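Data block below; observations after.
The values are calculated or read from the model by the stated rules, or taken from the named source; none is laboratory data. None of these values were measured; they are calculated from a predicted model. As a convention, Cβ positions derive from the backbone with ideal geometry for all residues, glycine included, and neighbour counts pool all protein chains shown. Note: accessible area is taken over every heavy atom of the protein model, side chains too, but ligands, DNA and RNA are not part of it. Shrake-Rupley method; radii C 1.70, N 1.55, O 1.52, S 1.80 Å.
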Amino acid sequence: MLYSEKVMDHFRNPRNVGVLPDADGVGQVGNAKCGDIMKIYLKIQDDTVTDVKFETFGCGSAIASSSMATEMIKGQPVSQVMQLTNKAVTEALGGLPAHKIHCSVLAEEAVKSALKDYYDRNHIPYDPKLFPAESCEVHA
Ligand code: FES
């Protein structure tokens, strides 16, 4: 089968869909090639992601990746969330077809972009190298 049970599950019943109007960090990224867009909202208290929501206008793998990513980071300290990789998201989903790996990259970048927004809003210094260019095209 092309897609794992986990991918199908998160695609059919995505977790944490929606918006957080009082988010502490918002990140939006898009893939220039496929045109898909992902937006992540983070609520951060005491250096911990206490709530997270996402809106994804994209393919099933992008929806499953964002759903899984939100589950992986909810309740985690910001330092831990910074370590999130598309590889970890893909593994948690039980794998993705090779031509769908870029969809998981979108999830990693959306989360990082939301963290960057949080740092910027709170004037928290960071190493810009930690935040790649906001287009997953470079990784495709
Ligand atoms: Fe574009 Fe999946 S095909 S994110």
Search result, residues across segment 5-32 that are in contact with a helix residue (DSSP H, G or I) (Cβ under 6 Å, 6 or more places away or on another chain), over 17 Å from GLU71 (Cα atoms) and surrounded by fewer than 21 Cβ atoms within 10 Å (Cβ to Cβ)
ASP24, ALA32
Residue by residue through segment 84-113, note down the ones that are part of a loop (DSSP other than H, G, I, E, B), open to solvent by 30 Å² or more (accessible area, probe 1.4 Å) and under 19 Å from ARG12 (Cβ atoms).
GLY94
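Report, by residue number, each residue of segment 9-46 that is hydrophobic (A, V, I, L, M, F, W, C), assigned to a loop (DSSP other than H, G, I, E, B) and closer than 12 Å to ALA62 by Cβ.
Within segment 9-46, just CYS34 meets the criteria.
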Taking only segment 62-83 into account, find how many residues are more than 18 Å from ASP9 (Cβ to Cβ) and surrounded by fewer than 21 Cβ atoms within 10 Å (Cβ to Cβ).
8
Which is charged (D, E, K, R), over 25 Å from MET8 (Cα atoms) and open to solvent by 30 Å² or more (accessible area, probe 1.4 Å), of ASP46, ASP51?
ASP46
I'm checking my understanding of the structure. Among residues of segment 55-81 that are in contact (Cβ under 8 Å) with a residue 24 or more places away in the chain, of a type in the set (A, V, I, L, M, F, W, C) and part of a helix (DSSP H, G or I), which one is nearest to the ligand (Cβ to nearest atom)?
ALA62
Taking the condition of being near the ligand (Cβ under 10 Å from one of its atoms) and in contact with a Phe, Trp or Tyr (Cβ under 6 Å, 6 or more places away or on another chain), how many residues in segment 24-54 meet it?
1
